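Each value in this text was obtained by applying a stated rule to the coordinates, not by laboratory testing. All of these numbers come straight from a predicted model, not from anything done at the bench. Glycine gets a Cβ as well: all are built from the backbone with ideal geometry, and neighbour counts include every protein chain shown.
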Amino acid sequence: MERIRRISRRLDHYQQRHPFLAFPLAVVKRYSEDSASNQVALITYYGLLSLFPLMLATLTIIQRVFHANSSIKAHITALAFRYVPIIGNELQHNLHTLRGHRLGVTIALLVALYGSLGVANAIQNALNHLWSVERVDRSSFPHNLYRNFAIVFAGGGLMLGISAMSNYLGHLDDLGLIAHGLVVLVTFAAYFLVFLMVFRLATSHVVATKNFILSAAFAALGWQVLQVVGGYLIVHELHKLSSFYGTFAIFIGLLFWIAIQAQVTLLAVEIDVVRTRQLWPRTFLTAKLTEKDEDVYRSYVKRERRQHYENISVSYPDKD
């Protein structure tokens with residue numbers, strides 16, 4: 001047993017002395033400590049609640065507006081459902097227009113708005129939580145509601161549009177290599193700017209805008225990679241689930257798609273948090289805390305401060 005402890009201490013000390021190990025391990029540990037997976041689950045829930053009725057309403061509106069021109073209707077419908085690789089086509093063929101058109105579309109849009117505002121609010125909570133923003137410095141009602149609307153209509157609308165357009169252009173066979181390269185670069189730049197805007201809107205003013213640059217770049221790169229490999233990932237998941245769940249597997253695939261996008265985004269933010277505040281090395285296999293461990297745990301306590309006149313201090317007995 002003592003031998004195992006010695007080996008554990010050596011391994012831990014080794015990773016602490018080497019940044020190429022210490023940094024990614026610190027990111028993984030903080031991601032776990034921040035319960036980022038819970039934030040992802042909440043974003044995914046509201047994401048599905050907003051996206052599915054939005055698709056229903058979109059399909060109904062397209063069918064009504066372009067009912068006289070089947071070719072334009074099919075072209076626009078395909079473009080609108082390009083946000084999700086593979087599943088977009090499946091949803092397009094399995095969803096049906098809403099009956100009682102006006103009332104049905106109105107209800108669907110209201111539900112989509114409710115879900116979208118839930119996504120925006122979950123993103124605000126997640127980003128402020130990851131950056132350890134004290135609760136007293138976070139936006140409260142009605143300012144957080146204004147931010148939610150800005151995130152939904154500016155960030156969400158642009159994000160869906162960029163994803164659909166890039167996925168559509170990427171599958172055009174008549175585009176040359178250079179044109180495909182330009183599509184990739186323009187898509188990355190567009191994603192980057194939208195993520196930078198959303199991160200700024202969703203996070204308290206106490207975090208400087210310059211701190212979002214790297215996380216916006218990582219998130220943009222991650223989403224672009226997902227658009228490329230998303231088809232394989234979703235087909236792989238659907239293949240395992242379709243025999244058990246049938247058509248319902250499509251919705252599970254949609255959940256999977258929203259969740260993996262949320263995970264990539266929050267992981268990009270977590271990387272920037274650790275980098276900006278230099279929160280490494282961390283301890284893993286030994287009880288003795290590093291200086292950065294103490295800084296992290298101190299921030300976890302202080303981010304619960306709710307009033308300006310509150311004074312919160314954290315001390316470590318062996319350091320006093």
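Some notes on this structure:
- Loop-located chymotrypsin sites (Phe, Trp or Tyr not before Pro) in the stretch 23-68 whose Cβ has at most 16 other Cβ within 10 Å (DSSP): PHE66
- Cβ-based net charge around LYS210, under 15 Å, with every Lys or Arg adding one and every Asp or Glu removing one: +2
- The fewest-to-most ranking of HIS143, HIS13 by surrounding Cβ atoms within 10 Å reads HIS143, HIS13.
- Karplus-derived 3J(HN,Hα) values for the stretch 282-290, using 6.51 cos²θ - 1.76 cosθ + 1.60 with θ = phi - 60°, are 10, 8, 10, 10, 10, 7, 6, 7, 7 Hz; glycine and proline are entered as x.
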